[in-house]
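Student: Here it is: the structure, laid out below.
The values are calculated or read from the model by the stated rules, or taken from the named source; none is laboratory data. These figures come from a predicted structure and were not determined experimentally. Cβ placement follows ideal geometry from the backbone for every residue including glycine, while neighbour counts extend to all protein chains displayed.
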Amino acid sequence: MSGIDRHETVVPFSPVNEYWDAYSPFSVGNGEFAFTADITGLQTFSSYYEPGIPLLTQAQWAWHTTPYSEDQYSFDYHRMARVLYSNGMRDVPYTTRPGYQNEEYDWLRKNPHKYHMGRLSFQFPGSDPVPDRKTIESPYQKLSLWEGVLTSRFTWQGETVEVRSWVHPSHDMLCLIIRTPLFEKGLKLALDFPAPFYGRTGADWDHPETHTSAITKQSESRTEILRVMDQDRYFVTLLTGKDTHVTRTKSHHFEIENDNDILGLQILFTPQPAVEDLPNLADSLRDTAAHWEKFWTTGGFIKIGGGGDQGRELQRRILLSQYLTAINCSGSLPPQETGLTMNSWYGKFHLEMHYWHAAHFALWNRPELLERSLWYYQAILPKARELAAGQGYLGARWPKMTDPSGVDSPSPIGPLLIWQQPHPIYYAELIYRARPTREVLNTYRDIVLSTAEFMADYVRWDDARKCYCLGPGMIPSQENHNARLVVNPPYELEYWAYGLNTANRWLSRLGEPENPDWTRIAAYMAPPPVSKDLYLAHERCPDTYTTLFNRDHPSMTAALGMLPGHKINPVVMEKTLDMVLNGGWQLDECWGWDFPMLAMCAARLGRPETAVRCLLFNSAKNIYLNNGHNRQADRADIPVYLPGNGGLLLACGMMAAGWDGSTEPVPGFPKDWDVQFEDILPLP
């Protein structure tokens, strides 16, 4: 039984909207499907929100591919013209921008892409179905975190409209109860379908001739719609009461009318025709309430009772981040950086970011929410082996920017990154720590060992220095470095040793002999480069802290923070952290996950006040909006950035429960704060 009154802690932080804000739409979802609503509770005023956080309906399975003919493109990813980069021993091919085959390059980056599956809006009576926003009076909207239900109220021409909306926990189904006398005066709902689009809105409203929307089956309380977009299709099933009528009035426009003042509606989105037996509205509400109560009453929890305004703001960010990552980052695929809220990078996910999105689930004792997406690594293991073999390496090399296919998107940077390579080993270790069973060892064995096999083959032995090196022919996690020059970035060095040592522990747990090559490589990885008592970005970057290189991710700090830092000198790292925080770094150029990364470093160095300062650092990319999303300054492509939310939870969990070898209670929070936590595991 929980010792913290979790209900009392969560409920006061349910966010409220009482005014128009293009950056504060609320979403309901279940990790596989999400619906983002404006202040009316639907997507009525989507054009107002489009410059801020657009209003989308998205699912994990919903991907579209723009078709091409062999007359247009004739290519294969592994036979495209590729650029050669020396790794110090031989030339290795990478699909970076070649200067030709540009159409093929762009097609691969944009396909497949996620899309907006349908807009649900109010259609008001009168000549203008979407009236001026000023006619919407007394808006009030509350997202109940404890129940997972969004309640929206407003008045229009003196009449009240109330919308309750939620998403079923195990079906990709939006559920609504709408109460208003305006139904009897001609108020309708409109369901509109756009063509798919790879951009941030996921929708192309200008080419209705390129797709089809057809009612395939209709009865008194059920309407089934087939959507066809090139070679892709999906199904939309509307469940209604007997007094509700669904009519197609234009090619992609469906109107929903109701004969009384209460409308109950369920809209199910599926990649295949829906089954007949679906939960009704009452059961869906009950199931959703039970799901969210279980979410909040099990797994990890932090209650901050001190710290004044800082403590309260950090508590708000923690709770809203738990909700947002649950609905955006806990699905069956790694999430795109903007989750199921909107499109970024064509909807593709970045596997180096998977750690910051979802590793916290295992740390917070919800390993099943991380495991939902770990099957993906097993599914694309043949592709990862093919990628490694195509470059002359053993084992499995994981892609960077990808999609369900596992093909690595071409990019001037992405294919040259390596810091995502040890991630699957880290995930497997987190799952094992949460559930130390033989089943877990067997489940992730191939992923762990294939990853380690590549890592061991990737390193380069420097006979003069008697150590193993990383690079050249790579870009570190701080991406503003020349791949042909980079050698031995501290974070990647430490992560390589951690990954290989952990893989050997897996062999030992499995009752198999440890791999002596992995032991030797981990022990003889090059020392992290130091100059003037500061860790450098890499060996060939003596000017790390000048304006040319002191921007983007200060990832050298992750070597002692995210990682245990066995080869890191704490004195040098403390000086490095101080340099970063006190003018040595362009912190406005950092990203949302950088601030939790810095906090984790500060915590391991025994500086909890600094850790809190990092988490709440006043930066344009460390803003947490009213809805809890981490906004990245004024970047239109990523106004929401979920690695920041997941990173915050990872850092706070570590600051509360500590890490292997830490002995103090809540070692990462100031001692005069009243911080309680439950069911959070120590970080490795």
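Student: Can you find even one residue in segment 51-70 that is over 19 Å from residue 149 (Cβ atoms), in contact with a Lys or Arg (Cβ under 9 Å, 6 or more places away or on another chain), surrounded by fewer than 20 Cβ atoms within 10 Å (Cβ to Cβ) and at pLDDT 95 or above?
Tutor: No, segment 51-70 contains no residue that is over 19 Å from residue 149 (Cβ atoms), in contact with a Lys or Arg (Cβ under 9 Å, 6 or more places away or on another chain), surrounded by fewer than 20 Cβ atoms within 10 Å (Cβ to Cβ) and at pLDDT 95 or above.
Student: Test residue 303 against the criterion of being over 30 Å from residue 194 (Cβ atoms) and in a strand (DSSP E or B), and give yes or no.
Tutor: The answer is yes for residue 303.
Student: Within segment 178-221, restricting attention to residues that are charged (D, E, K, R) and farther than 26 Å from residue 156 by Cα, which residue is farthest from the chain's Cα centre (by Cα)?
Tutor: Result: 220.
Student: Would you pick out the residues in segment 195-215 that are over 15 Å from residue 249 (Cα atoms) and polar (S, T, N, Q)?
Tutor: 201, 210
Student: Looking at segment 389-412, which of the residues that are hydrophobic (A, V, I, L, M, F, W, C) and either in contact with a Lys or Arg (Cβ under 7 Å, 6 or more places away or on another chain) or at pLDDT below 95 (or both) is nearest to residue 452 (Cα to Cα)?
Tutor: If we take residues in segment 389-412 being hydrophobic (A, V, I, L, M, F, W, C) and either in contact with a Lys or Arg (Cβ under 7 Å, 6 or more places away or on another chain) or at pLDDT below 95 (or both), then 396 is nearest to residue 452 (Cα to Cα).
Student: Under the condition of being of a type in the set (Ser, Thr, Tyr) and touching a residue at least 24 places away in the same chain (Cβ under 8 Å), which residue from segment 530-587 is surrounded by the fewest Cβ atoms within 10 Å (Cβ to Cβ)?
Tutor: 547
Student: Go through segment 395-410 and give me each residue that's within 24 Å of residue 490 (Cα to Cα) and either touching a helix residue (DSSP H, G or I) at 6+ places or on another chain (Cβ under 6 Å) or of a type in the set (Gly, Ala, Ser) (or both).
Tutor: The answer is 395, 396, 397, 398, 400, 401.
Student: Yes or no: residue 282 exposed (fewer than 14 other Cβ atoms within 10 Å of the Cβ), at pLDDT 95 or above, within 30 Å of residue 679 (Cα to Cα) and among the aliphatic types (A, V, I, L, M)?
Tutor: Here the answer is no, as residue 282 does not meet what is asked.
Student: For residue 479, work out the one condition from (1) surrounded by fewer than 23 Cβ atoms within 10 Å (Cβ to Cβ); (2) over 21 Å from residue 559 (Cα atoms); (3) out of contact with any strand residue (DSSP E or B) (no Cβ under 6 Å at 6 or more places or on another chain) it doesn't fulfil.
Tutor: Status for residue 479: all satisfied but (2).
Student: For residue 153, state whether it is crowded, with 18+ Cβ neighbours inside 10 Å, of a type in the set (Lys, Arg) and under 26 Å from the mean Cα position of the chain (by Cα).
Tutor: For residue 153, the condition - crowded, with 18+ Cβ neighbours inside 10 Å, of a type in the set (Lys, Arg) and under 26 Å from the mean Cα position of the chain (by Cα) - is not met.
Student: Would you confirm whether or not segment 486-494 contains a residue that is modelled with pLDDT of 95 or more and farther than 16 Å from residue 421 by Cα?
Tutor: Among the residues of segment 486-494, at least one is modelled with pLDDT of 95 or more and farther than 16 Å from residue 421 by Cα, which makes the answer yes.
Student: Restricting to segment 108-159, give me the number of residues that are part of a strand (DSSP E or B) and closer than 30 Å to residue 69 by Cβ.
Tutor: 2
Student: Please work out if residue 143 is surrounded by 17 or more Cβ atoms within 10 Å (Cβ to Cβ) and either touching a Leu at 6+ places or on another chain (Cβ under 9 Å) or among the acidic types (Asp, Glu) (or both).
Tutor: yes
Student: Does residue 637 count as at pLDDT below 95 and more than 28 Å from residue 430 (Cβ to Cβ)?
Tutor: Here the answer is yes, as residue 637 does meet what is asked.
Student: Are any residues in segment 376-401 assigned to a helix (DSSP H, G or I), aliphatic (A, V, I, L, M) and under 30 Å from residue 203 (Cβ atoms), and if so, which ones?
Tutor: 379
Student: Inspect segment 442-457 for any residue being in contact with a strand residue (DSSP E or B) (Cβ under 6 Å, 6 or more places away or on another chain), closer than 28 Å to residue 521 by Cα and buried (at least 22 other Cβ atoms within 10 Å of the Cβ) and give the result as yes or no.
Tutor: no
Student: Listed residues 373, 409; which is assigned to a helix (DSSP H, G or I) and not acidic (Asp, Glu)?
Tutor: Just one listed residue meets the conditions, 373.
Student: Could you list, in sequence order, all residues of segment 586-640 that are of a type in the set (Phe, Trp, Tyr) and farther than 26 Å from residue 658 by Cα?
Tutor: none
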